[in-house]
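Below: the structure, in structure tokens.
Values in this text are rule-based calculations from the coordinates and carry no lab data. Note that the structure is a prediction, hence the values are computed from the model and not measured. Here the Cβ is made from the backbone with ideal geometry for all residues, glycine too, and neighbour counts use every protein chain on show.
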Amino acid sequence: MPLPHVKRFCTATCRTTGERCKNPAAHGMKTCRYHGARKQGTVRRGEDHPAYKHGQCTNASRVADSEAATRLREIEDFAHRHGILTGTRLAGRKPKG
């Protein structure tokens, strides 16, 4: 049942039934808080967005980094086995291979 004091309702529709959402739209938005209403100032864009692809990492550079990590891990293992290093080992994921 629609609320009498609300002027705008969410424009989102249900995937299964095809009916429109009955929630009130957020102030100045077309959708409600459940369907992604956000102020434009809070939406991060470009380089600030966490999913931004900068293109600085190529497959070759990733392979080179992985190989370097493998060599470093081997050197660390050797040093620990021969008593050159003591204490804890480096934190992080072990390289594949």
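I want the local charge near residue 40. Using Cβ-Cβ distances under 15 Å, sum +1 for each Lys or Arg and -1 for each Asp or Glu among the other residues. Before the final figure, lay out each step's value.
Details: positive: 30, 38, 39, 44, 45; negative: 48.
Net local charge, residue 40 excluded: +4.
Tell me, what HN-Hα J-couplings in whole Hz come from the Karplus equation 6.51 cos²θ - 1.76 cosθ + 1.60 at θ = phi - 60° for each residue of segment 49-63, using x for Gly and Pro?
3J(HN,Hα) across segment 49-63, in whole Hz: 6, x, 9, 5, 9, 8, x, 8, 9, 9, 4, 5, 5, 5, 5.
Quick one: which residues, 5+ away or cross-chain, put their amide H under 5 Å from the amide H of residue 9? H built at 1.01 Å from N.
Result for residue 9 returns 25.
Multiply the residue separation of residue 39 and residue 67 by 0.36 nm, subtract the distance between their alpha-carbon atoms, and state the gained length in nm to one decimal. Intermediate results must be reported in sequence, preceding the final value.
On the way: separation 28, 0.36 × 28 = 10.08 nm, distance 4.44 nm.
Residue separation times 0.36 nm, minus the Cα-Cα distance, leaves 5.6 nm.
Quick one: length gained pulling residue 19 to residue 54 fully straight, 0.36 nm per residue minus the C-alpha distance?
Numbers: separation 35, 0.36 × 35 = 12.60 nm, distance 4.01 nm.
Contour length minus Cα-Cα distance gives 8.6 nm.
Do any cysteines of the chain lack a neighbour Cys whose Cβ is under 4.7 Å away, and which are they?
Here 14, 57 come out as lacking a disulfide-compatible partner, given the Cβ-Cβ threshold of under 4.7 Å.
Give me the net charge of residue 28's neighbourhood, meaning all other residues with Cβ under 10 Å from the Cβ of residue 28; Lys, Arg count +1, Asp, Glu -1.
Values: positive: 8, 30, 39; negative: none.
Spelling it out: positives minus negatives among the neighbours equals +3.
Quick one: Cα centre-to-centre distance for segment 5-28 and segment 64-86, in angstrom?
Segment 5-28 and segment 64-86 have Cα centres separated by 58 Å.
Which order do peptides 24-32, 47-55, 62-70 fall in by mean Cβ count within 10 Å, highest first? Walk me through the numbers before you get to the answer.
Values: 24-32: 15.4, 47-55: 7.2, 62-70: 12.2.
Highest to lowest by the protection proxy: 24-32, 62-70, 47-55.
Over the chain, how many pairs of lysines fall under 14 Å by alpha carbon, counting only those 8 or more apart in sequence or from different chains? Don't skip to the end; give the middle numbers.
Values: 7/22; 7/30; 22/30; 30/39.
Count of close lysine pairs: 4.
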